[in-house]
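Trainee: There's a structure below that I have some questions on.
A short reminder: the numbers here are calculations on the coordinates, not readings from a lab. A quick note: this is a predicted structure, and the numbers were derived from the prediction, not measured. A quick note on method: Cβ atoms are made from the backbone with ideal geometry, for glycine too, and the neighbour counts reach across all protein chains shown.
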Amino acid sequence: MLWVTKEQIAKAREIDLLSYLKASEPNELIQDGPNRYVTKTHSSLVISNNKWIWNREQVAGVSALDYLVKVRNISFVDAVELLTGECAISGRLYQEIKNPKPSPSKFRFYPPKPLRYTTRALAYLQSRGISPEVIGQCMQAGILYESRYLNSASPYHNSAVCVFAGKDEHGEIRFANMRGINSDLKLDKAGSSKRFNFCIPAKKPHSRCLIVFESAIDALSHASLQQRKGWEWDGYRLSLGGSSPISLIAFLERNPQIKRVILHLDNDKAGLSAAWKIKAMFASSSQFARIHITVNPPRNGIDYNDVLLHSIQQKKESKPPCHQRETFII
């Protein structure tokens, strides 16, 4: 199904790659000479005289549209929507996402019951690199705990799970994602509302900054990186539970003080495409015109848990080897 018109395609082709990167991804550009640039991600991609060529793959183009399709592997329709800001998620489709029709459900939501002891959850999260301080903060806030998956018809029945909970403005749990500790179980509790996904609160109330991730593990990983590296930053960390913007839109409606949103979605085709669609949606929405939104995927891996584990491994390798004290027998 064609979502874009000939006029929109022509409009998208008018945007050259250098102008696009300067406006949307300025950190990607490295000046390599007078009127000549390369990119950080693809050092063999050269931009000069309003044209570009990716020497490693032997592909070239003129417009930003060519770049998004040939280099970033974004679909043609998505690329046109991204560049024009039209028809990406707007009009009727935007309204459906903003106010989704409640699907009939025979399940009433009950949060998974917390277990008294959380040793398995602690061990699992620490094996993913999550710092004890971040785990403790989230457990104290009641948004992270250990439970058991109870479904006698499932092969995962009675297995231990980490629960990543989302609360509403009254502090009640309205969403729960369960992740198996010793299994590959990953699912939302029946009746969960995506409008209240897992979110690590800011230390200072009414913070104006929000960082968005695809998963709760990535949000915890980013918080752990901050704790390890001593970053001076305070804001909210929201998990989308995938790439749908439903929980993001609902969060912004509940928190009108937010002025900046950073999309740390996964650095793969699906994550990048979703991030740029969300950015295009914001650009075409008067409701969120006050918000400055940037797309900033992780650099050292697919997601922020990769970044965290990479940082931990680098620190281990940088430590000098321990020399055992020599023992002399007289």
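Trainee: Restricting to DSSP loop positions (anything but H, G, I, E, B) with no more than 13 other Cβ atoms inside 10 Å of their own Cβ, which trypsin sites (Lys or Arg not before Pro) remain in the stretch 169-203?
Mentor: Hits after loop and neighbour filter: Lys203.
Trainee: Find the centroid of the Cα atoms in the stretch 13-68 and in the stretch 166-196, then give the distance between the two in whole Å.
Mentor: When both Cα centres are located, 42 Å separates them.
Trainee: Sticking with this structure for a sec: Quick one: Karplus J couplings for the stretch 252-258, per residue in order, coefficients 6.51, -1.76, 1.60, θ = phi - 60°, nearest Hz, x for Gly and Pro?
Mentor: 5, 5, 7, 10, x, 6, 5
Trainee: Tally Lys/Arg at +1 and Asp/Glu at -1 over every other residue whose Cβ is under 15 Å from the Cβ of Arg116; what's the total?
Mentor: +2
Trainee: Okay, next question. Could you give me the ³J(HN,Hα) list for the stretch 156-171, computed from phi with Karplus coefficients 6.51, -1.76, 1.60 and θ = phi - 60°, whole Hz, x at Gly and Pro?
Mentor: The phi angles translate into 8, 3, 6, 7, 6, 9, 8, 10, 9, 9, x, 10, 8, 5, 9, x Hz.
Trainee: Looking at the stretch 119-315 only, what percent of DSSP beta bridges run antiparallel? Nearest 5 please.
Mentor: 60
Trainee: Taking only Cα atoms and a 10 Å spring cutoff, compute GNM fluctuations for the chain and point out the largest among Ala250, Ala121, Ala153.
Mentor: Ala153
Trainee: Taking Cα centroids, how far is the stretch 261-319 from the stretch 232-255 in Å?
Mentor: If you average the Cα positions of each part, the centres end up 13 Å apart.
Trainee: Something else now. Have a look at the DSSP beta bridges in the chain and tell me what percent are antiparallel, nearest 5.
Mentor: 75
Trainee: Note the listed values [x] 47, 25, 17; [y] 33, 24, 22; [z] 37, 30, 18, then indicate which one is semi-axes √(5λ) of the Cα gyration tensor in Å calculated from this particular structure.
Mentor: Computed from these coordinates, semi-axes √(5λ) of the Cα gyration tensor in Å corresponds to label [z].
Trainee: While we're here: Please list, by residue number, every one of the GluC sites (Glu not before Pro) in the stretch 153-260 that is coil in DSSP and has at most 13 other beta-carbon atoms within 10 Å.
Mentor: Answer by residue number: Glu169, Glu172, Glu232.
Trainee: Could I ask something else about it? Where does the charge balance sit around Asp168 when Lys and Arg score +1, Asp and Glu -1, over other residues with C-beta under 10 Å from its C-beta?
Mentor: Its environment carries a net charge of +2.
Trainee: Taking θ = phi - 60°, what integer Hz values does the Karplus form 6.51 cos²θ - 1.76 cosθ + 1.60 yield along the stretch 186-199, in sequence order, with x for Gly and Pro?
Mentor: Once θ is set to phi - 60°, the couplings for the stretch 186-199 become 8, 6, 8, 4, 3, x, 4, 9, 5, 5, 10, 7, 4, 8 Hz.
Trainee: My understanding is that a pair violates if its Cα-Cα distance is over 30 Å; which of Lys167/Lys319; Lys40/Lys259; Lys186/Lys319; Lys22/Lys194 do that in this structure?
Mentor: Details: Lys167/Lys319 41 Å; Lys40/Lys259 28 Å; Lys186/Lys319 36 Å; Lys22/Lys194 35 Å.
In this structure, Lys167/Lys319; Lys186/Lys319; Lys22/Lys194 exceed 30 Å between Cα atoms.
Trainee: Taking the Cα centre of the stretch 198-330 as origin, sum charge times position over the Cβ atoms of Lys and Arg (+1) and Asp and Glu (-1), and report the length of that vector in debye to the nearest 20.
Mentor: So the magnitude is around 460 debye.
Trainee: Still on this structure, please answer the following. Can you check what the net charge comes to around Gln314, using other residues whose Cβ is under 13 Å from the Cβ of Gln314 (Lys, Arg +1; Asp, Glu -1)?
Mentor: +3
Trainee: Give the cross-link partners of Lys277 among the aspartates and glutamates, using a straight C-alpha distance below 13 Å as the criterion and excluding same-chain residues fewer than 8 apart.
Mentor: Candidates past the 8-residue exclusion: Asp78, Glu81, Glu86.
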